[in-house]
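Participant: I'd like to ask some things about the structure below.
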């Protein structure tokens, strides 16, 4: 299907119907990962390392196995195959399966507190707990390193003796640096030398957790012939299937993964933690095994995103034209390589049309839980530095902060610092909308300040599959391979209904398991509505073609003589014959006579994802004596391409913005002197609560992506990027102090106000 | 090992179960009574996903022992709708798209119902503070608060 | 594994007998909001839980000629719903109103908040400032203990084996007397106090402070009283407030931890003492 | 002939300091094979970790993509998401 040029013809797309899975979710019927049980299910639990870094000398599980009710214990040495270091394109980003296997279950060393060492399956939770206490693990405790700069320093404890850094000359000695990346355009140093004004700053962020409310949960059942059922909440049933197969060396066809409803992911459920353990335990015990993480385990042992340190330099002419810019950043990867340092560098200056720019960074391992993706991985971190520096630059130039950004805004034809040239993008429209929004010019009171910041995310396409089936009565079933986290079933049904010309309520979408639908990449990277939507649209179009053929057969005319309009076959013109329109249901009723059931499945690798841009305006009031920051007003403007279901698009923006506000103000990973996480609960890992926030106004700018039939760009990633700097810039405006380190918690703000520097 | 026998009332129906002393009421609801609408997000009273009412009072079921339910009246998300008729709050949550993943939704609905029982005309600030113990990571709370305020207005009969 | 037992006795003597006779660790449960978390995390491994909520008198609020009597296991939500007590002791209610979420307040009790013996307990500073007295029951009978003397160290109380708090007595509020409680937390709700401050003031007809009690939480191993003599005799003018700020800082002996630094806690203790005193003063003046 | 730039420095172990190349190739697959013949091992590295941007549009995977004669091509790290 080509791009729909005229949006005013749309009947379903752009409306706000109730989601099809809604009633299940407001009545408590929806089945999340921990809600299913099977007859004879055992409880599985994970024994985790109390040490930040230690060699595993021995594991003796004999006492645990002797405890009545204990059915299996698994360890890496005893039950997991040792697999080679294989960097493979799995899911969305490259994955090293050896590292993943070692993260799921430590083999020779534990690399962080909370690292899984063994797993137990028992008839009750209490027996599993008792069994864990009976497993005798002998550790040789090693020195550890938590912080990124300390991990890069000479003499730092080394996590992986065999780590060979990429993207840089071999250091000739063991290192914790896994990778160096650099992106260059023009000559950044020369550009900075031309500047009338230069700002430079060092900025720091801490690790923050995705904070989904549903802990990881899985139930797995393995039969003696190897056939395996997995029911789990994740961002990708196919991801689980592939990773379990790799880690446990199983045939993919023997693994069927059913996606449970998922209680939030935000990138944190794009890899496996419990699934291979549950399968290994079930295989050994011969019974289904259910495993559910505690909140403490979620914080200690599942991925946060990186913290990092960076230096940002931006130079500009007096008129605001940026002449040169650099960022040097080092990101924590956690215990295994893989921080989002590349996208952090690529996104850093992507909002701007710059001729001379350099972004470079290091991926650094340390004794923390391995990081996982979190909404626009890497981008919020570098954006915090860059957009804070942009604010400083505007101040130095005496320019309006939005005007400075308008002056340098990326547009169609801008060559991005990371290489490619932008096609039609909506950043200028976003900035215009922000500037003309009443919020930008509203008055402020004492101790109040306003900040603005922007953000960019690529958005992605990739593998997606969808099926559209016409039922006997003319209703429609849609199956897709994308787990629905934020309402995507509604979007799939809406797009199918639009193409087929039937009411939304006549289309019922489900998320298929791995045996019911073709391979589909994970729900993440803001790809589902774009890529799986494209597959759904194409499948629906094939069905329309078939419906036209069937109508032609019934009318006994040529298929070319049939058009499809508003859910009915109609003769294409006067020459086709004088037939009354034939509704879809009438064609469906005769499907048997005209060639059999009607349906189609489309599997694609979706291309043409459209980049997204946002600009957020934030007002704060700062209690100058206590450093408490109150968010008074918040407006998030974003180019969304075309909003299929505007309510869920707004919801993505509002939710992303609030996650960013939490990151800015209070969320952080704290470690004690033994390298153990000190705040592994929602009491002291402080995500925003309802009373912390005002309404979040989402302003949708629609600059359609013409590579999608309905103009969709991804929307879920961009909104978490601007808040960090938007809040920091507002705090600067309210207090006169520039905060360089996240979170901007009250003690830090008070100290900054008192010392005059943050 | 003998378990403790508990007789209670859940969503207006008599219910009995056997439990260990350390079993939380949330464990019992989910594992014994198969009422899995109440969710466990933290197990420490910090997220509100397991919100229920106990003798009419809003509590976290993860912070109540199963044995304490003896002789009490329990209300869960499964009892919010009146048969096949959704409670106005459930309807408004759907209309306002006040849920994304839906995991925190049962707890939020139970907590909001308790709010409106106690205060049919809350201000936005009152609603936000009452619901501060119900974490939602998806929505940023905006649409939830709008749904709550709209449902409250409708329940007061202020809608045309 | 020793099996955990549970009892919900119907009288004080039965409860005392159970507690005093327990072989292993016995835990008194009122609201259970701390106990269940401790059980789950393995921090507490009792063999017996004695649920006190079925004992007559443990739940409920009543006004007497001398003041107010609060059953030790009364959930904090009941305190804030009680118009009479809320009017008499708005500061105590402000404190109890901050114990966790609405859900937690449906269970959490004054006795639990106190006997958990956290220096950050929100209900305690205002109770001490109010001069509240705990009625402790145990194997040797009944004794009255000022709330200020219950907590001896973080996690420790002065209660002996077999003892528990049965009820709290709050003196009658008369004349121009009022209290207030403020705490500082990074969010607006759901956090443990970084600093808490309860203030109870009595004024004469001219608005001069005749008695003042200022108590800080979370700035020392236990709640600490601030030397408030500097504001007695004042109308809480700027000089008095500055003196109170200094006195509050001087009372602090905090630690650096994940919730705050020594410098921050000390500074904020002064700020909250001033602000809470101002609120209490205005309330008292309005009476 | 399409002009190819390799963005970022993750390929440095194969290509050294040079980052721009002219390559005789009409498809992405041919481009990978051509680069691999010049720098052994680079092909697999691109396969696993790089995406291609052809005249500004990013493609994560697709051997069959046609490369117009005068197109500007960037190889950039693959992009995931949250």
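Participant: Does residue A:339 satisfy the criteria of being more than 30 Å from residue A:73 (Cα to Cα), within 13 Å of chain D (Cβ to nearest Cβ) and in a loop (DSSP other than H, G, I, E, B)? Spell out how you get there, then give the answer.
Facilitator: Working: more than 30 Å from residue A:73 (Cα to Cα): yes; within 13 Å of chain D (Cβ to nearest Cβ): yes; in a loop (DSSP other than H, G, I, E, B): yes.
When the stated conditions are applied, residue A:339 passes them.
Participant: Checking the condition within 8 Å of chain A (Cβ to nearest Cβ) and more than 17 Å from residue A:419 (Cβ to Cβ), which residue from D:81, D:43, D:16 passes?
Facilitator: Numbers: D:43 fails: within 8 Å of chain A (Cβ to nearest Cβ); D:16 fails: within 8 Å of chain A (Cβ to nearest Cβ).
When all the criteria are applied, what remains is D:81.
Participant: Could you list, ordered by first residue, the pairs with Cβ atoms under 9 Å in which the first is in region C:256-282 and at pLDDT below 95 and the second is in a strand (DSSP E or B), at least 6 apart or interchain?
Facilitator: C:260/C:184; C:260/C:195
Participant: So residue B:151 ticks every box in (1) crowded, with 24+ Cβ neighbours inside 10 Å; (2) more than 21 Å from residue A:32 (Cβ to Cβ); (3) out of contact with any strand residue (DSSP E or B) (no Cβ under 6 Å at 6 or more places or on another chain); (4) within 14 Å of chain C (Cβ to nearest Cβ) but one. Which box is left unticked?
Facilitator: (4)
Participant: Counting only residues that are closer than 30 Å to residue A:112 by Cα, give me the helices (runs of 4 or more DSSP H) lying completely in region A:10-85 with at least 2 of them.
Facilitator: Working: elements: A:22-27, A:62-66, A:76-79.
Fully inside region A:10-85 and qualifying: A:62-66, A:76-79.
Participant: Name, by its number, the condition in (1) within 16 Å of residue A:18 (Cβ to Cβ); (2) at pLDDT below 95; (3) in contact with a strand residue (DSSP E or B) (Cβ under 7 Å, 6 or more places away or on another chain) that does not hold for residue A:487.
Facilitator: The number of the failed condition is (3).
Participant: Another question, then. Determine which member of the set A:747, A:694 is in contact (Cβ under 8 Å) with a residue 24 or more places away in the chain and within 12 Å of chain B (Cβ to nearest Cβ).
Facilitator: Numbers: A:747 fails: within 12 Å of chain B (Cβ to nearest Cβ).
Unique residue meeting the criteria: A:694.
Participant: Continuing with the same structure: Return only the number of the condition from (1) over 17 Å from residue A:176 (Cβ atoms); (2) more than 14 Å from chain D (Cβ to nearest Cβ); (3) surrounded by 24 or more Cβ atoms within 10 Å (Cβ to Cβ); (4) touching a helix residue (DSSP H, G or I) at 6+ places or on another chain (Cβ under 7 Å) that residue A:355 does not satisfy.
Facilitator: Only one criterion in (1) over 17 Å from residue A:176 (Cβ atoms); (2) more than 14 Å from chain D (Cβ to nearest Cβ); (3) surrounded by 24 or more Cβ atoms within 10 Å (Cβ to Cβ); (4) touching a helix residue (DSSP H, G or I) at 6+ places or on another chain (Cβ under 7 Å) is unmet by residue A:355, namely (3).
Participant: Then there's this: Does residue A:210 satisfy the condition of being within 14 Å of chain D (Cβ to nearest Cβ) and in contact with a strand residue (DSSP E or B) (Cβ under 8 Å, 6 or more places away or on another chain)? It would help to see each step written out before you state the result.
Facilitator: Working: within 14 Å of chain D (Cβ to nearest Cβ): yes; in contact with a strand residue (DSSP E or B) (Cβ under 8 Å, 6 or more places away or on another chain): yes.
Considered against the rule, which asks whether it is within 14 Å of chain D (Cβ to nearest Cβ) and in contact with a strand residue (DSSP E or B) (Cβ under 8 Å, 6 or more places away or on another chain), residue A:210 comes out as yes.
Participant: Any residue in region B:66-82 that is away from chain C (no Cβ under 14 Å), within 13 Å of the chain's Cα centre (by Cα), in contact (Cβ under 8 Å) with a residue 24 or more places away in the chain and not in a helix (DSSP H, G or I)?
Facilitator: yes
Participant: Give the residue, chosen from A:198, A:222, that is more than 19 Å from residue A:274 (Cα to Cα), in contact (Cβ under 8 Å) with a residue 40 or more places away in the chain and in contact with a strand residue (DSSP E or B) (Cβ under 8 Å, 6 or more places away or on another chain).
Facilitator: Values: A:222 fails: more than 19 Å from residue A:274 (Cα to Cα).
Unique residue meeting the criteria: A:198.
Participant: Output the number of the condition that residue A:360 fails; it satisfies all remaining conditions of (1) within 29 Å of residue A:97 (Cα to Cα); (2) surrounded by fewer than 24 Cβ atoms within 10 Å (Cβ to Cβ); (3) more than 12 Å from every other protein chain (Cβ to nearest Cβ).
Facilitator: (3)
Participant: Here's something else I'd like to know. Just checking, which of C:50, C:92 is part of a strand (DSSP E or B) and either in the same structural domain as residue C:181 (by TED's automatic domain parsing) or buried (at least 22 other Cβ atoms within 10 Å of the Cβ) (or both)? Working first, answer last.
Facilitator: On the way: C:92 fails: part of a strand (DSSP E or B).
Just one listed residue meets the conditions, C:50.
Participant: Further question on the same structure: Among the residues of region C:225-234, what is the count of those that are touching a strand residue (DSSP E or B) at 6+ places or on another chain (Cβ under 7 Å) and surrounded by fewer than 24 Cβ atoms within 10 Å (Cβ to Cβ)?
Facilitator: Residues of region C:225-234 touching a strand residue (DSSP E or B) at 6+ places or on another chain (Cβ under 7 Å): C:225-226, C:228, C:231-234.
Right, trim to surrounded by fewer than 24 Cβ atoms within 10 Å (Cβ to Cβ) and you get C:225, C:232-234.
The qualifying residues number 4.
Participant: Output yes when any residue across region A:140-148 is part of a strand (DSSP E or B), touching a strand residue (DSSP E or B) at 6+ places or on another chain (Cβ under 7 Å) and surrounded by fewer than 21 Cβ atoms within 10 Å (Cβ to Cβ), and no when none is. Even if it seems obvious, please write down each step before you answer.
Facilitator: At the first step, the residues of region A:140-148 found to be part of a strand (DSSP E or B) are A:140-141.
Among the residues that remain, those that are also touching a strand residue (DSSP E or B) at 6+ places or on another chain (Cβ under 7 Å) are: A:140-141.
Restricting the remaining residues to those that are surrounded by fewer than 21 Cβ atoms within 10 Å (Cβ to Cβ) gives A:140-141.
Checked region A:140-148: at least one residue is part of a strand (DSSP E or B), touching a strand residue (DSSP E or B) at 6+ places or on another chain (Cβ under 7 Å) and surrounded by fewer than 21 Cβ atoms within 10 Å (Cβ to Cβ).
Participant: Any residue at all in region A:647-670 that's at the interface with chain B (Cβ under 9 Å from one of its Cβ atoms), assigned to a loop (DSSP other than H, G, I, E, B) and buried (at least 24 other Cβ atoms within 10 Å of the Cβ)?
Facilitator: Within region A:647-670 (the criterion being at the interface with chain B (Cβ under 9 Å from one of its Cβ atoms), assigned to a loop (DSSP other than H, G, I, E, B) and buried (at least 24 other Cβ atoms within 10 Å of the Cβ)), the answer is no, since none of the residues qualifies.
Participant: Residues in region B:20-41 that are facing another protein chain (nearest Cβ under 10 Å), more than 15 Å from the chain's Cα centre (by Cα) and surrounded by 21 or more Cβ atoms within 10 Å (Cβ to Cβ): how many?
Facilitator: The total comes to 2.
The values are calculated or read from the model by the stated rules, or taken from the named source; none is laboratory data. Since this is a predicted model, take the numbers as computed values, not measurements. Glycine also receives a Cβ, built like all others from the backbone with ideal geometry; neighbour counts cover every protein chain displayed.
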